[in-house]
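As structure tokens, the structure follows; a few thoughts come after it.
No value in this document is a laboratory result; all are computed from the given coordinates. As the structure is a prediction and not an experimental result, all values here were calculated from the model. Reconstructed Cβ throughout: ideal geometry from the backbone, glycine too, with neighbour counts over all protein chains shown.
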Amino acid sequence: MKDKVRVSDITSLLFCQRYCYFNLSFPEETTASKFQAMKEMYYSYRSDAQNWEKWAKNRFLAIYGKESEEIFNSALKEFKISKEVDEIESIETEVEVYKEELNLIGILDELVEGNKPLILGYKAPESGIWYNDRVKLTAFCMILDKKDGFVYYCKSGMLKGYEVTPKDRKVIIKAIDRVNKLKKGFLPEKTDKKNKCRNCKYKEICDVKDETFASKFL
Ligand code: SF4
């Protein structure tokens, strides 16, 4: 069987195809960030831990080390939990879900009542949900055979629902095909992405690596 495509491969592909290629070639561990700290806070809150702040801190420091305490403390000041979340029953947090027909796998932030997906975001846009979240949520809806799901924005304390469209699903199908090509060694040509490239962790290698021979044909 082909290697499974991860939901995170799809989100990195939509950021930049070459970025996704490098991510597949040089997988890296997640690093400590305020968003990762907020995720731990959300998981702990939803697990009904009596003292969720303490439990979240213990979890975060166990994963990222004591040197990450400042990141956690700063994130704690900004993290907001909304009463709306309490109205949705949690089934499980950080759950691995997989759909064989699509060969698609991912770690979902939370499976909620009705077996619907809930993903976490950082700061909410003024209206609706961010495009990246739409893509991610669609991928999880497709894995779970659901028409809709939720995004919870931890810094804004906002819960948003979203119903996926056929157009969203098509994006996922095309992205799966494209990730499979990258896995075969297809490195797309570099196109000018000034804002994205400026802070990209792969900038140096990307500047010297040409598109692959296969990319001219696949
Ligand atoms: S440097 Fe730019 S083109 Fe290269 S991987 Fe990063 S974002 Fe993509």
How long is the gain from Asn199 to Glu70 if the chain were fully straight, where each residue apart is worth 0.36 nm and the alpha carbon distance is subtracted? 44.1 nm
Quick one: dipole size for the chain, taken about the Cα centre, charges +1 on Lys/Arg Cβ and -1 on Asp/Glu Cβ, in debye to the nearest 20. 960 debye
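Would you mind working out the magnitude of the charge dipole of the stretch 1-79 relative to its Cα centre, with +1 at each Lys and Arg C-beta and -1 at each Asp and Glu C-beta, to the nearest 20 Debye?
200 debye
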Per DSSP loop assignment and a cutoff of at most 13 other beta carbons within 10 Å, the chain keeps its longest run without exposed GluC sites (Glu not before Pro) at 127-188
How big is the gap, in Å, between the Cα center of the stretch 67-129 and the Cα center of the stretch 1-61? 10 Å
In nm, spacing of pseudo-spin labels at Ser33 and Glu87 (7 Å Cα→C-beta vector): 3.1 nm
Using a Förster distance of 22 Å, how high is the FRET efficiency between Lys146 and Ala49, based on the Cβ-Cβ distance and rounded to 0.05? 0.20
If I take the Cα coordinates of the stretch 5-173 and project them onto the principal axes, what are the three extents in Å, biggest first? 42, 39, 32
Roughly how many nanometres apart are two label points built 7 Å out from the Cα toward the Cβ at Asn180 and Ser25? 2.2 nm
